[in-house]
1. Pick out, in residue order, every one of the trypsin sites (Lys or Arg not before Pro) in the range 75-163 that is DSSP loop and has at most 10 other C-beta atoms within 10 Å; say none if there are none.
2. Can you give the convex hull volume per residue for the Cα atoms of the chain, as a whole number of Å³?
3. Of 23, 159, 132, which is farthest along the charge dipole of the range 5-200 in the positive direction, counting Lys and Arg as +1 and Asp and Glu as -1 at C-beta?
4. How many angstrom separate the Cα center of the range 114-154 from the Cα center of the range 38-86?
5. Can you sort 39, 143 from fewest to most other Cβ atoms within 10 Å of each residue's own Cβ?
6. Along the positive direction of the dipole of the chain (beta-carbon charges: Lys, Arg +1; Asp, Glu -1; about the Cα centre), which of 11, 189, 118 reaches farthest?
7. Taking the Cα centre of the chain as origin, work out the dipole magnitude from +1 charges on Lys and Arg Cβ and -1 charges on Asp and Glu Cβ, in debye rounded to 20.
8. What is the extension gain from residue 101 to residue 44, computed as 0.36 nm multiplied by their sequence separation minus the C-alpha to C-alpha distance, in nm to one decimal?
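Every number in this text was worked out from the coordinates using simple rules, so none of it is lab data. Source: prediction; values computed, not measured. Glycine also receives a Cβ, built like all others from the backbone with ideal geometry; neighbour counts cover every protein chain displayed.
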Amino acid sequence: MFQPLSVIPGFDLWPGLLDLPAQRALVDAVMAAAKTAPFARYDTAYGKAMSVAMTAFGPLGWTSDKAGYRYAQRHPGTDQAWPDMPQALLDLWTQLGDPQTPPDSCLVNLYRGDARMGLHQDRDEADPAFPVLSISLGDTAVFRIGGTSRKDPTRSLKLASGDVCRLSGPARLAFHGVDRILAGSSGLVPDGGRINLTLRRARPA
Ligand code: SIN
Ligand code: FE2
């Protein structure tokens, strides 16, 4: 494992950590999972559908509707358990997430067209001592990250296919979002766009 770039304290980036075969294998796993756990655009708590379509791997999946945000054991559309987490994701978490406690959720985000994600904190997990590990696949994202207050200054950086980044420690609760996707910058995702995977430990250890 090579040394990551420390973008801000607690936010580390490993550019191009996953090679093309590893990226392809993950996209294939996502597309297979979406056959039984279809991508859906959830409503925010404010009642507006998100532009990003989502599904999940693992015992828990993050979902949202007018009642709020939460981790659920079942896909809200099919009422079935989420597909199993691919071994490659478990292995990556052992290396860069936590060596003892496995992740119990992987959020799968699909950005097509002008999908974006507003600035937010990841704070639906029980214990922020566990990091969030993010994997980018397909088209490059213009990603934005700031501090733990919404008013803190932000900076933007590009996340390309195969890049892995980690929010931990002082950046674990940093505000972050995706301003836009550079359409056509990669041909990896069938029908275009970007897939982002975020590995999390949602329940206490
Ligand atoms: C997220 O914050 O859930 C997604 C971040 C990303 O798409 O890079
Ligand atoms: Fe997030």
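1. Details: sites: 112, 116, 123, 144, 150, 151, 155, 158; in loops: 112, 116, 123, 150, 151.
Of the trypsin sites (Lys or Arg not before Pro), the ones in loops of the range 75-163 whose Cβ has at most 10 other Cβ atoms within 10 Å are 123, 151.
2. On the way: hull volume 23.1 nm³, N = 205.
Expressed per residue, the convex hull around the Cα atoms of the chain is 113 Å³.
3. Farthest towards the positive pole: 159.
4. Using only Cα atoms, the two centres lie 17 Å from each other.
5. Numbers: 39 18, 143 23.
The fewest-first ordering by Cβ neighbours comes to 39, 143.
6. Looking along the dipole axis, the top candidate is 118.
7. On the way: 22 positive and 20 negative charges, 120 e Å.
For the chain, the charge dipole is close to 580 debye.
8. On the way: separation 57, 0.36 × 57 = 20.52 nm, distance 2.99 nm.
That pair, residue 101 and residue 44, stretches by 17.5 nm at full extension.
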